[in-house]
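Just so it is clear, none of the values below were taken in a lab; they were calculated from the coordinates. Being a predicted model, the structure only gives us computed values, none of them experimental. Heads up, the Cβs are rebuilt from the backbone with ideal geometry, glycines too, and the neighbour counts pull from every protein chain shown.
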């Protein structure tokens, strides 16, 4: 019962702060270059994670932080499994610059969607098929040329920690076409922040950032298989009793 109250308090606090903070960030963003906008997002996401720890008792630990330095000279495509909202708060905190590849409908969410737009994401309408894929490749090429790595969730939806679904090939086709390396990230956030649930479970979320997976010389399916194996194997290690 106490954890339900803590979880509800976290949700209410987060919404109240978002209603004030996000419109402020959107307004300020119109008066600054794009790269100067990242610290504002980092502050907001960092606050959300701090409140998660203080109010709901959910901590996190990141392994492999040294691998982020690999992005300095070689912008890559960051590919991560997706279990909850947690990772959308964490990645703006740990990655200096980034560009989310996301579903276009997320931009329609009141307040939150407007904030996402100011990050200049690659918004995909999956109903457009090949047209959407071409747009993603062209946008990715432009972002990587500016040394801005992309963040892609290849499952296309949030998946429970004890489940696995095949990764969609879009991210790996982009990596193959652009000869961009892949930085894999694995985590078990759904153990503490279950999909679609208000209740947060106290504990420590384990996040692991891997070494680069080279795309040159590999087929799209080989890239998919190598990334899937790395992410899913590290996820299973965090679920072991």
### Task
May I ask you to derive the FRET efficiency for residue 145 and residue 53 from their Cβ-Cβ distance with R0 = 45 Å, giving the value to the nearest 0.05?
0.75
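Quick check: convex hull of the Cα atoms in the stretch 1-80, volume per residue, rounded to a whole Å³? Please report the intermediate quantities before stating the final value.
Numbers: hull volume 9.7 nm³, N = 80.
Looking at the stretch 1-80, the number lands at 121 Å³ per residue.
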### Query
How long is the gain from residue 35 to residue 120 if the chain were fully straight, where each residue apart is worth 0.36 nm and the alpha carbon distance is subtracted?
29.5 nm
### Task
Work out Dmax and Rg for the stretch 171-219 from the C-alpha atoms and quote the Rg first, both in angstrom.
15.8, 45
### Message
Considering only C-alpha atoms, what is the centroid distance from the stretch 11-62 to the stretch 68-137, in Å?
### Response
16
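As a check on your grasp of the helix formula, calculate [θ] at 222 nm for the chain: sum -39500 (n - 2.57) over DSSP H runs of n ≥ 4, divide by the residue count, round to the nearest 500. Please report the intermediate quantities before stating the final value.
Numbers: 7 runs with 111 residues, N = 241.
When only DSSP H runs of four or more count, the value is -15000 deg cm²/dmol.
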### Message
Neighbour counts of other C-beta atoms within 10 Å: give me 230, 4 arranged from fewest to most.
### Response
4, 230
### Inter-probe distance in nm under a simple model that places probes 7 Å from Cα toward Cβ, at residue 12 and residue 28
2.7
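Kindly give the semi-axes, whole Å and largest first, of the ellipsoid equivalent to the stretch 43-152, taking each as the square root of 5 times a Cα gyration tensor eigenvalue.
Its equivalent ellipsoid spans semi-axes of 25, 19, 12 Å.
I need 77, 55, 26 ordered by Cβ neighbour count within 10 Å, fewest first. Provide the component values of the computation, followed by the final result.
Details: 77 28, 55 19, 26 16.
Least crowded to most crowded, the residues run 26, 55, 77.
When a/c reaches 1.5 or more, the comparison of a/b and b/c decides; with that in mind, is the stretch 120-159 rounded, prolate or oblate per its Cα gyration tensor?
Values: a/c = 2.60, a/b = 1.28, b/c = 2.03.
Judged from the Cα gyration tensor, the stretch 120-159 comes out oblate (a/c at least 1.5, b/c at or above a/b).
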### Task
State whether the stretch 2-49 is rounded, prolate or oblate according to the following rule on the C-alpha gyration tensor (a ≥ b ≥ c being the square roots of its eigenvalues): a/c under 1.5 gives rounded; otherwise a/b larger than b/c gives prolate, and the remaining case gives oblate.
oblate
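Within the chain, what percent of beta bridges assigned by DSSP are antiparallel, to the nearest 5?
Bridges in the chain are about 20 percent antiparallel.
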#### Entry: Given [x] 16.2, 47; [y] 17.6, 54; [z] 22.7, 70, the label whose value is Rg and Dmax of the Cα atoms in Å derived from this model
[y]
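Relative to the present Cα-Cα distance, how much length would full extension add between residue 169 and residue 103 at 0.36 nm per residue of separation?
Values: separation 66, 0.36 × 66 = 23.76 nm, distance 1.55 nm.
Full extension of this stretch gives 22.2 nm more.
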